[in-house]
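Input: a single structure, listed below in structure tokens.
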Amino acid sequence: MIDNINSGFDITEGESEDILKVEIDCITPPDEDQLSEIKNFLIRRYKKEEVVFSIKKDTTVGGGFKLFVDDDCYDFSTKGRLQQLRDNILAQNPDAGSENMVSLMREDIESFNLSTGFQRVGFVFSVGDGIAVITGLHEVEYGEIVIFECGLKGMVQDIRADDTTGIIVFGDDSEIVEGMKVIRTHRMAGIPISSKIKGRIVDPLGNPVDGKGDLEVSKYFPIEWPAPGIIDRKPVDRPLETGLLAIDAMFPIGMGQRELIIGDRQTGKTTIAVDTILNQKGKGVICIYVAIGQKASSVAKVVSALERGGAMDYTVVVYSSASDKAALQYIAPYAGCAIAEYFMTRHHDTLIVYDDLSKHAVAYRTLSLLLERAPGREAYPGDVFYLHSRLLERSAQLSDDHGGGSMTALPIVETQEGDVSAYIPTNIISITDGQIFLENDLFFAGQRPAVNIGLSVSRVGGAAQTDVMKRSVGSIRLDLAQYREMQVFSQFGGELDSNTVRQLKYGEGLMMLLRQNKQSPMELHKQVITLICAENYFFIDVPVKEIKAWQEELLSYFEDHYEDICLDIDTNRKYSDRLKRKILGAAKEFAALKAKESEKETN
């Protein structure tokens, strides 16, 4: 009879070097012969002189037993055998299972395809604030999903030198207690996805939150994935039109580009992103809007605007509320990027909006401080640059050999008092291909969108513009820059010569033409007609307050009487002197009609 079976481990420190402590989880305790065989196996395996067993009743094993030796586990349970059979079947038919990733959705531990037989296990050392510190699992990898005994999942976020590992927990960590077992999955995090996800609102774990039922999941796509290499890409040369004249004319965005939208709070950053999504209607671009740490009311307004504009049919909203734990806000942009990547690799053009990465950086800073990492500048950890670079670098225009799909990123960053030299803004500016800077003074003066001409830039530039747009812009950006300088000097008073007065009047008219109501993107033909007429001083004699009304009437006149010109611009997208003459001739006709109407009103 083996007499060293205890209800718990009570070996002293002096004895522990030659004595092996083993826990047996089972329903029915092993008999004497079974214990003897187990003991002989363990002595041979671990080179110990004695074995002390602690038997724990566990009804979940179904039958048989599990052996736990430090962080090693030997699974001889009925449940483990069934899982092993399932694994063997899936190994012979790989298409029957998912890829090498685990859904982040909260499910029971039984639904996971875990390894059987010998496996490593860890134990919870401490838990709190959504962070669990575990011991054991020395071979666990960064970013790997682990499963707690209670069924919750977490992701490895901090591998330490003292044989402990920091885990961010997805869910309510109150279910986790010290000493609880933790099991490796050998898999990275994935999000459930299918083509039917379009038009849905999901949380960062892939759970639908719009009340429209479950998603019909076809596969799991990794939330972390290496960015496409140089060979896999091709130059950005196709425009992604925002429908905003100020941006499409002077700071064009190309498919596959990363263009930062930056500015203070409440200056219209989200409005630009939403208008860009609305303008993709009928253009075959799939849009993903990622709300990071946003209020529910703010996201509801965005979704309402997209529904009114008929944009939800081709849009996915990934929503992480301000009340969510930092772990969920941290993975939200990666989950959204995975959805965009899913469609990009299936030869689609995609647009993803990260609203906003300032809150994402704050969530990551919170996690890092809870993980006891050393704070750096503004308390952000040293790898915060890598946090965003590995996200934004996944945006690309794929080569034809890889299907030619694209992912265009519009990250949003909030500044404080217009300080673009702060830590996070400068980091993201250096990663992106340009920025659209929104200025407080312009916004409060009624200029919408409040784009600062001097600080905004697109490093792709004319390469992402159509021929007709590129050649219609002319010197408008330079004219506006000169106008801003002259406007500053004119405030000091004094007499101005006639040329300066004319230039100021012209610049003021241009600024008025660039004003645009939200959720009213302009088609290409409207932008081109406006630019050609403006560059040729068509609006120079129109009172500033009447310029917007003139512009709307002019564009309506073209659509009613010169539909061929509008169609030619939208379809051929080519500039020619003949097209310019036809536009200016039709504009003169419109001016003549307006003059006659004015005479009748006077008489």
- Message: Looking at Gly243, Gly282, Gly268 in this structure, which one is of a type outside the set (D, E, K, R) and free of Cβ contacts under 8 Å to residues at least 12 places away in the same chain?
- Response: Gly282
- Query: How many residues does segment 245-267 hold that are over 28 Å from Gly199 (Cβ atoms), assigned to a strand (DSSP E or B) and open to solvent by 10 Å² or more (accessible area, probe 1.4 Å)?
  - Reply: 1
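If I go through segment 545-603 residue by residue, how many of them are hydroxyl-bearing (Ser, Thr, Tyr) and within 41 Å of the chain's Cα centre (by Cα)? Talk me through it step by step, then tell me what you get.
Pass one, segment 545-603, residues hydroxyl-bearing (Ser, Thr, Tyr): 556-557, 562, 571, 575-576, 598, 602.
Now drop any that are not within 41 Å of the chain's Cα centre (by Cα), which leaves 556, 571, 575-576.
Result for segment 545-603: 4.
Identify all residues within segment 370-387 that are among the hydrophobic types (A, V, I, L, M, F, W, C) and either at positive phi or outside any loop (DSSP other than H, G, I, E, B) (or both); write none if there are none.
Initial filter on segment 370-387 (among the hydrophobic types (A, V, I, L, M, F, W, C)): 370-371, 374, 379, 384-385, 387.
Scanning segment 370-387 gives Leu370, Ala379, Val384, Phe385, Leu387.
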- Note on the structure: Conditions (1) at pLDDT 95 or above; (2) within 21 Å of the chain's Cα centre (by Cα) -> Ala296 fails only (1)
- Ser421 fails exactly one of (1) touching a strand residue (DSSP E or B) at 6+ places or on another chain (Cβ under 7 Å); (2) of a type in the set (S, T, N, Q); (3) surrounded by fewer than 22 Cβ atoms within 10 Å (Cβ to Cβ), namely (1)
- Query: Across segment 29-61, what is the number of residues that are in contact (Cβ under 8 Å) with a residue 24 or more places away in the chain and either within 25 Å of Ile183 (Cβ to Cβ) or crowded, with 17+ Cβ neighbours inside 10 Å (or both)?
  - Reply: 18
- Query: Of all residues in segment 157-184, which are open to solvent by less than 10 Å² (accessible area, probe 1.4 Å) and closer than 19 Å to Asp72 by Cα?
  - Reply: Thr165, Val182
- Among residues of segment 449-465, those that are farther than 30 Å from Asn499 by Cβ, in contact (Cβ under 8 Å) with a residue 60 or more places away in the chain and open to solvent by 40 Å² or more (accessible area, probe 1.4 Å), counted: 1
- Message: Quick check on segment 526-541. Is at least one of its residues under 30 Å from Arg308 (Cβ atoms) and surrounded by fewer than 16 Cβ atoms within 10 Å (Cβ to Cβ)?
- Response: no
- Looking at segment 365-389, which of the residues that are closer than 22 Å to Val169 by Cα and under 14 Å from the mean Cα position of the chain (by Cα) is surrounded by the most Cβ atoms within 10 Å (Cβ to Cβ)? His388
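Among the candidates Asp433, Asp400, single out the residue that is in contact (Cβ under 8 Å) with a residue 60 or more places away in the chain, open to solvent by 20 Å² or more (accessible area, probe 1.4 Å), among the charged types (D, E, K, R) and in contact with a Leu (Cβ under 9 Å, 6 or more places away or on another chain). Spell out the reasoning first.
Working: Asp400 fails: in contact with a Leu (Cβ under 9 Å, 6 or more places away or on another chain).
The conditions single out Asp433.
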- Name every residue in segment 569-585 that is part of a helix (DSSP H, G or I) and buried (at least 18 other Cβ atoms within 10 Å of the Cβ), in order of residue number. Ile569, Leu579, Ile583
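How many residues are open to solvent by 50 Å² or more (accessible area, probe 1.4 Å) and within 40 Å of the chain's Cα centre (by Cα) when one looks only at segment 496-510? Reasoning before the result, please.
Narrowing segment 496-510 to residues open to solvent by 50 Å² or more (accessible area, probe 1.4 Å): 496-499, 501-502, 505, 508.
Pick out the ones that are also within 40 Å of the chain's Cα centre (by Cα) and you get 508.
Going through segment 496-510 one residue at a time, the tally reaches 1.
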- Item | Residue count for segment 185-201, restricted to those that are modelled with pLDDT of 90 or more, out of contact with any Phe, Trp or Tyr (no Cβ under 7 Å at 6 or more places or on another chain) and either open to solvent by 10 Å² or more (accessible area, probe 1.4 Å) or not in a helix (DSSP H, G or I) (or both) | 2
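Identify, please: which residue in segment 466-495 is open to solvent by less than 30 Å² (accessible area, probe 1.4 Å) and under 36 Å from the mean Cα position of the chain (by Cα) and is, among those, nearest to Ser576 (Cα to Cα)? It would help to see each step written out before you state the result.
Pass one, segment 466-495, residues open to solvent by less than 30 Å² (accessible area, probe 1.4 Å): 466, 468-469, 472-473, 476, 479-480, 483.
The next check asks that each one be under 36 Å from the mean Cα position of the chain (by Cα); those that pass are 466, 468-469, 472-473, 476, 480.
Details: Thr466: 13, Val468: 8, Met469: 11, Ser472: 10, Val473: 13, Ile476: 19, Leu480: 25 Å.
The selected residue is Val468.
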- Message: Could you tell me how many of the residues in segment 216-235 are within 20 Å of Ile145 (Cβ to Cβ), more than 19 Å from the chain's Cα centre (by Cα) and buried (at least 17 other Cβ atoms within 10 Å of the Cβ)?
- Response: 0
- Query: Out of all the residues in segment 115-163, which are in contact with a Gly (Cβ under 9 Å, 6 or more places away or on another chain), β-branched (Val, Ile, Thr) and without any contact (Cβ under 8 Å) to a residue 60 or more places away in the chain?
  - Reply: Thr116, Val124, Val133, Ile134, Val140, Ile145, Val146, Ile147, Val156, Ile159
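The values are calculated or read from the model by the stated rules, or taken from the named source; none is laboratory data. What you see is a predicted model, and the numbers here were worked out from it, not measured in a lab. When we count neighbours, we look across all protein chains shown, and the Cβ atoms used for this are built from the backbone with ideal geometry, even at glycine. Side chains included, ligands, DNA and RNA excluded: accessible areas come from the protein's heavy atoms. Shrake-Rupley method; radii C 1.70, N 1.55, O 1.52, S 1.80 Å.
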